[in-house]
Amino acid sequence: MPFSLLGLSPELLRAVGESNYPAPTPIQKEAIPAILKGKDVWACAQTGSGKTAAFALPLLQNTLNLDRGPPLRVRTLILVPTRELAAQVGESMQLFAGYLRQPVKVIAVFGGVSINPQMMALRGGADIVVATPGRLLDLVDHNALRIGDVTTLVLDEADRLLDLGFADELASIIERLPQRRQNLLFSATFPAAVRALAEQSLHDPIRIDVPATAVTQPAILQRSIHVDAARRTQLLRHLINKHGWTRTLVFVATRYSTGHVAEKLRRAGIPAAAFSGDLSQGARTKALADFKAARVKVLIATDVAARGIDIAQLPAVVNYDLPRSTTDYVHRIGRTGRAGESGVAVSFVPANLEDHFRLIEKRQGVRVPREIIAGFEPSGGRSS
Ligand code: AMP
């Protein structure tokens, strides 16, 4: 089915054409018509499924149909867990809005940077605000923004929002919104707390389930390698060189390790950068831009720092340290193989973490055969 049958305006279709999206992804096919009709949506979808465009396109179109009248009032509020995601969603929306006949003002606001420029940007109002919850409340408290006229609320990556401890902020924001509004909730996973949030905030929603297998998994080759913890950096170098990965996102457990592993790779001649919450916003933006432009080949990140990063054509993700939970595993490997492109997700499994990785496999319902790489045989080696 082509995009042109989904009910989008010619201007938005032109923007989609410019993005070179060949056809709508499964979530876009279902969500776009539903959102255009003003329905609530409960969507189980991962990053990489095309979920941003699935809500951004119809919401832009709906904004044009509203009686907006000056001063600009925030009609659409999109809550996201991280600053990177806020910036990315904001950029996508601005890009899609590029050909609209009437300008639509989209502002992204997030913590970790000075509030003043965001207050300035909000002067005169905005149609659509993309925000992390804490900063949004700060701005509301500073009277920089009114949310009493919001007609559509989007909760993006709802599981992450709750994981990061935003439950109170969300409750406080939702309390200040008008009762009657359209609600869209997107989440990769639905543990009890997310289901409860969905049940509280959604009204007679259309449910959309894009199982991980529909978009992400066929494109992602999952590998796991038995290796001694002490030899992981060498193995990483070996894999990068052997497979010619142009860009690799490597996950480690601590902020300290981001710097440590990056330094070891740089010493071996591989351009690598650390990406952690320790960095200033400027340093994060630079690291991400260098990585996107392939000036940096390897980005070493923690889960928290990497949440919501969207880098097209990421060929490889490496779990240098295994994630603690299956949810984190799913989010990590979802960074490669975006929207149908192929990618590889490699997990390093030292012998003492074999049981932990088995649990991750079991919860995901997959079995990823362990490999042993010649020259990197584990000392007490166990394989299956
Ligand atoms: P998201 O799930 O929103 O994080 O999107 C993941 C990636 O897929 C982004 O890089 C988008 O630019 C890309 N994308 C979104 N929709 C499509 C589509 N219909 N066809 C191809 N790529 C897409």
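Quick notes on this one:
- Unit charges on C-beta of K, R, D, E only; dipole of the range 3-209, Debye: 580
- Stokes-Einstein diffusion of the range 90-237 at 20 °C, 1.002 mPa s viscosity, Kirkwood radius from Cα pairs, rounded to a whole number: 117 µm²/s.
- Counting only protein heavy atoms and using a 1.4 Å probe, the accessible area of Glu18 comes to about 120 Å².
- Solvent-accessible surface ranking, highest first, for Arg83, Arg267, Arg195 at 1.4 angstrom: Arg267, Arg195, Arg83
- Rounded to whole numbers, the Karplus 3J(HN,Hα) couplings from phi for the range 358-371 are 4, 5, 4, 4, 4, 5, 8, x, 10, 10, 10, x, 6, 10 Hz, using 6.51 cos²θ - 1.76 cosθ + 1.60 with θ = phi - 60°, and x at Gly and Pro.
- Integer Hz, Karplus 6.51/-1.76/1.60 couplings in order for the range 32-38, x for Gly and Pro: 4, x, 5, 5, 4, 7, x
- Element breakdown for the chain at a 1.4 angstrom probe: carbon and sulfur atoms account for 51% of the accessible area.
- Listed values for the range 257-271 are Karplus-derived 3J(HN,Hα) couplings in whole Hz (6.51 cos²θ - 1.76 cosθ + 1.60, θ = phi - 60°), namely 5, 4, x, 5, 5, 4, 4, 5, 5, 4, 4, 8, x, 9, x, and x replaces Gly and Pro.
- Applying a threshold of 20 Å to the alpha-carbon distances of Lys29/Lys51; Lys242/Lys264; Lys105/Lys286; Lys264/Lys297 flags Lys105/Lys286 as lying beyond it.
- Since only Ala305, Gly337, Gly148 are under comparison, the one whose Cα sits farthest along the positive direction of the charge dipole of the chain, derived from C-beta charges on Lys, Arg, Asp and Glu, is Gly337.
- Ranking His226, Ala316, Phe348 by how far each Cα lies toward the positive end of the dipole of the range 214-371 (charges on Cβ) leaves Ala316 at the top.
- Cut-off under 5 Å, modelled amide H: who pairs with Tyr21 long-range: none
- The candidates Met119, Met93, arranged from most to least accessible area with a 1.4 Å probe in the full protein assembly, appear as Met119, Met93.
- Taking amide hydrogens as placed 1.01 Å from N in the peptide plane, the amide H of Ala345 sits under 5 Å from those of Leu221, Gln222, Arg223, Val317, each at least 5 positions away in sequence or on another chain.
- With Cα atoms as the point set, the radius of gyration and Dmax of the chain evaluate to 21.3, 71 Å.
The values are calculated or read from the model by the stated rules, or taken from the named source; none is laboratory data. Everything quoted here is computed from the prediction, not taken from an experiment. A quick note on method: Cβ atoms are made from the backbone with ideal geometry, for glycine too, and the neighbour counts reach across all protein chains shown. Heavy atoms of the whole protein, side chains included, go into the accessibility calculation; ligands, DNA and RNA do not. Shrake-Rupley method; radii C 1.70, N 1.55, O 1.52, S 1.80 Å.
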